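Each remark here refers to the structure printed beneath this line.
The values are calculated or read from the model by the stated rules, or taken from the named source; none is laboratory data. Remember, predicted model here, so these are calculated numbers, not experimental data. Note that each Cβ is placed from the backbone with ideal geometry, even for glycine, and that neighbours are counted across all protein chains shown.
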Amino acid sequence: MSETTTTPTTTPVVVIEPIENIDNETIELNLKYENFNILGIQTLKCLDAMRKERQLCDVILTVEGHELFAHRALLSCYSNYFLELFINDETNASSKKQIYYQIDGLEHTALKLIIQFIYQGSFQLTSDMVPKVYLAAHQLRVETILQACSNYLTEQLTAHTCLSTRLLAVDDDLRTKATECIQNNFFAVLETREFHALPSIKLELVDFTIPSTTIMCDLILNWIVQQLQRDKTLQEIGEYMHLLYINDDKTFHDCMDMEEKNMSFSDMIKDYQSYKSTKRTASVSSTSSNSNENSIFETVCLQLTNNQIPSYTPNNSNTPETKFIHIAQSTEYSYIAIAIVKGKMLSVAIHIPPVSSSTVNTPEIGDTLHTDRNGDDHYMGNGISGPILTTDKDIPLASLTTARCGFGVISTIDSIYAVGGYDRGDCLDTIEQFDPIEDKWTLLSIPMISRRGRVSAAIINNKIYVCGGSDGQKELNTGEYFDLQSMDKWVPIKDLDRPVAHGAMCSDNSQVYLIGGCEGDTCKNSCYCYNPEMNLWSTLNPMKSERSQAAAVYFNGKIYVFGGYTSNRCLSSCEILTLSTNEWSNGPTMRENRRGCGAVVYNNRIYIIGGSNGVTSLTSIEIFDPNTNELMNSINGSCNELNIPRVGVGITVCQEKLYVIGGFDGRTFLKTIEVYDENSQRWKLNYKMNNSN
């Protein structure tokens with residue numbers, strides 16, 4: 001007697017247990033009661049048999065064109081959704097008792113499994129079905145299944161799944177666990193496919209000084225929400241970088257709308273307005289070919305989109321969730337964040353140029369701000385208080401004497417040389433020298449024979465070679481060299497058979513290689529080899545793809561060519577030429593499409609830095625290890641983005657330090673340089689003044 005009185009009061013426990021692996025991505029699972037009593041099993045077996053024979057069924061559920069027969073009393077015992085639905089029907093005296101019910105917003109398979117669970121106490125499913133059953137259980141308010149799915153998804157949380165799980169989560173426990181996973185593994189999350197699939201918004205804040213990072217995040221969220229309220233999509237907002245300023249109303253406004261009478265108006269703002277007007281015009285013609293607004297997450301267990309998941313609404317609120325989940329400082333002047341705005345997840349890259357008059361301190365790079373807190377009804381949680389800009393003891397690294405984009409750069413043991421390029425359309429014939437010890441650029445007095453923009457350079461036996469390029473009127477087929485020993489003149493070399501601009505150059509210390517490029521609107525796949533001893537050009541096998549604005553580097557008997565531009569699109573592919581066989585093979589595929597990037601060998605790895613993805617200039621880097629064939633997005637697991645986006649950038653190594661020089665950031669031709677500091681694992685625009693006091 002005691003057993004029959006205590007068993008019904010036992011709290012039912014539902015668990016998900018693995019059965020077997022179907023393949024590397026899918027796991028066969030079993031969802032069942034852990035403590036189901038014999039009496040209940042026998043009763044449900046009888047009802048299930050009646051359901052299958054459609055006996056005494058008093059409700060038919062229709063979903064996605066399918067009919068599911070059931071008993072409304074039993075459904076109501078397990079689901080408050082069905083209980084309320086059927087009671088409302090019973091109490092409505094004006095209508096005849098309803099048999100058919102259309103259930104919207106659910107997948108047929110998920111509803112069928114839940115009904116099977118109600119009748120049988122268990123069902124089998126694959127791991128990719130768990131999110132669908134989880135959302136269906138939430139809608140139907142079947143708490144036991146909801147909790148079992150939530151527990152399972154919590155157990156599967158990794159850096160590779162936490163973003164999609166956080167977006168999926170409709171119960172507080174799973175939301176909290178997924179948020180903690182993001183925060184505790186933030187820089188690992190930045191390397192995942194899920195993160196790179198998020199819509200991305202890039203912002204630069206002009207003349208901006210604030211009392212706390214929390215205020216900055218609030219202002220940015222308000223600005224994004226305003227754009228969405230103007231019927232813009234996340235994709236449209238993320239099409240290009242936005243330059244923002246603080247208006248008199250203490251909110252962010254786009255510099256596109258800044259008037260010339262504003263005290264902050266400058267040539268940079270004017271260039272940005274021109275740049276954005278061009279981008280807006282271009283985007284109108286390309287809208288139809290763009291991908292869907294909401295990027296797809298493709299993970300082991302989940303295939304979800306921002307659109308497929310209902311916008312999560314926090315308890316006691318009618319507003320979809322809007323908040324920063326996490327923000328961290330990625331470089332000296334940049335932040336990277338993950339946010340949810342109006343229930344949609346996105347990444348936000350924030351750049352704050354240094355303010356020369358600032359005298360406040362910055363947090364150490366890698367310091368992070370946990371912005372998603374339990375019970376926090378505001379956009380932000382507890383943040384880092386205090387100012388965020390750099391100290392006036394930071395001395396900027398010396399800048400080029402002339403802003404340069406699309407130029408050649410080489411280095412010797414103790415100097416760096418920048419050759420040619422262009423600035424606002426003017427092709428240059430100048431060369432300048434950088435002394436890293438003195439931190440000083442010097443414009444040399446010997447100009448090239450021809451003006452050469454959109455050009456590369458290589459060095460052999462202390463001679464700088466430049467070939468092709470453009471003089472501003474036409475592409476060139478000429479070349480010349482500069483002897484760093486005599487440093488008295490430029491000497492012409494044998495002409496190419498065809499003009500070429502935007503070609504990539506490298507050397508193996510005995511010959512110069514000129515690869516790809518363009519002539520007019522035609523991109524090339526050609527590969528030229530120049531012999532300085534004989535003053536002769538020869539041709540090697542062409543690449544598999546035409547590439548203009550690619551980056552080339554020589555390493556251990558092979559030439560690696562990364563990215564470039566062809567047929568109105570930027571490339572992420574790589575080709576490798578084995579010089580001993582004169583054969584091309586496919587190399588690694590980069591995460592980003594890149595044209596106008598730079599490549600250099602540093603610590604026996606190839607660094608591919610900056611460039612443009614066809615929409616915006618990039619701060620990101622990628623690192624390829626030829627020995628392990630591994631492609632990475634960071635140095636030693638840290639976030640190593642540049643401080644300033646750069647396309648047409650010069651990359652070189654001098655005195656065992658990695659330098660990026662000049663380029664174009666999408667608005668301005670650049671004079672600045674950055675150097676990678678291995679101690680802090682970040683890029684530096686400045687160096688610390690040695691104050692002996």
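Remarks
- Residue 615 fulfils the conditions (1) touching a strand residue (DSSP E or B) at 6+ places or on another chain (Cβ under 7 Å); (2) among the aliphatic types (A, V, I, L, M); (3) over 24 Å from residue 681 (Cα atoms) except for a single criterion, (1).
- Of the residues screened, residue 470 is not one that is surrounded by fewer than 23 Cβ atoms within 10 Å (Cβ to Cβ), of a type in the set (S, T, N, Q) and under 19 Å from residue 505 (Cβ atoms).
- The residues in segment 129-174 that are more than 19 Å from residue 16 (Cα to Cα), buried (at least 19 other Cβ atoms within 10 Å of the Cβ) and charged (D, E, K, R) can be counted, and the count is 1.
Listed here are the residues, each with its yes/no results for (1) under 20 Å from residue 658 (Cβ atoms); (2) assigned to a strand (DSSP E or B); (3) touching a Lys or Arg at 6+ places or on another chain (Cβ under 7 Å).
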{"residue": "577", "(1), (2), (3)": "no, yes, yes"}
{"residue": "581", "(1), (2), (3)": "no, no, no"}
{"residue": "584", "(1), (2), (3)": "no, yes, yes"}
{"residue": "591", "(1), (2), (3)": "yes, no, no"}
{"residue": "600", "(1), (2), (3)": "yes, yes, no"}
{"residue": "607", "(1), (2), (3)": "yes, yes, no"}
{"residue": "615", "(1), (2), (3)": "no, no, no"}
{"residue": "623", "(1), (2), (3)": "yes, yes, yes"}
{"residue": "627", "(1), (2), (3)": "yes, no, no"}
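This table checks each residue for (1) surrounded by fewer than 18 Cβ atoms within 10 Å (Cβ to Cβ); (2) without any contact (Cβ under 8 Å) to a residue 24 or more places away in the chain.
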{"residue": "532", "(1), (2)": "yes, no"}
{"residue": "537", "(1), (2)": "no, no"}
{"residue": "540", "(1), (2)": "yes, no"}
{"residue": "546", "(1), (2)": "no, no"}
{"residue": "559", "(1), (2)": "no, no"}
{"residue": "570", "(1), (2)": "no, no"}
{"residue": "575", "(1), (2)": "no, no"}
{"residue": "578", "(1), (2)": "yes, yes"}
{"residue": "584", "(1), (2)": "no, no"}
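- Residues that are small (Gly, Ala, Ser) and on the phi > 0 side of the Ramachandran plot, drawn from segment 570-602: 596
- Within segment 46-83, the set of residues being surrounded by fewer than 17 Cβ atoms within 10 Å (Cβ to Cβ) and touching a residue at least 60 places away in the same chain (Cβ under 8 Å) comprises just one member, 80.
- Filter pass, residue 176 being hydroxyl-bearing (Ser, Thr, Tyr), in the same structural domain as residue 111 (by TED's automatic domain parsing) and over 23 Å from the mean Cα position of the chain (by Cα): no
To keep it simple, each residue is scored yes or no on (1) under 25 Å from residue 592 (Cα atoms); (2) at pLDDT 85 or above.
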{"residue": "138", "(1), (2)": "no, yes"}
{"residue": "147", "(1), (2)": "no, yes"}
{"residue": "167", "(1), (2)": "yes, yes"}
{"residue": "181", "(1), (2)": "no, yes"}
{"residue": "236", "(1), (2)": "yes, no"}
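- For segment 100-115, residues that are within 24 Å of residue 49 (Cβ to Cβ) and in contact with a Lys or Arg (Cβ under 6 Å, 6 or more places away or on another chain) total 1.
- Wholly within segment 401-454, strands (runs of 3 or more DSSP E) carrying at least 1 residues that are within 24 Å of residue 478 (Cα to Cα), assigned by TED's automatic domain parsing to the domain that holds residue 655 and of a type in the set (Val, Ile, Thr): 408-411, 416-419, 431-435
- The set of residues from segment 216-234 being at pLDDT 85 or above and among the hydrophobic types (A, V, I, L, M, F, W, C) comprises 216, 217, 219, 220, 221, 223, 224, 225, 228.
- Residue match in segment 646-653 (condition: part of a loop (DSSP other than H, G, I, E, B) and either within 18 Å of the chain's Cα centre (by Cα) or farther than 26 Å from residue 441 by Cβ (or both)): yes
- Checklist (1) farther than 15 Å from residue 403 by Cα; (2) of a type outside the set (D, E, K, R); (3) touching a His at 6+ places or on another chain (Cβ under 9 Å) applied to residue 645, failing item: (1)
- Scanning segment 180-213 for residues that are assigned to a helix (DSSP H, G or I), in contact with a Leu (Cβ under 8 Å, 6 or more places away or on another chain) and not hydrophobic (A, V, I, L, M, F, W, C) turns up 194, 213.
- Some residue of segment 220-230 being closer than 27 Å to residue 633 by Cα and in the same structural domain as residue 330 (by TED's automatic domain parsing): yes
- Of all positions in segment 175-189, at least one carries a residue that is surrounded by fewer than 19 Cβ atoms within 10 Å (Cβ to Cβ) and under 22 Å from residue 132 (Cα atoms).
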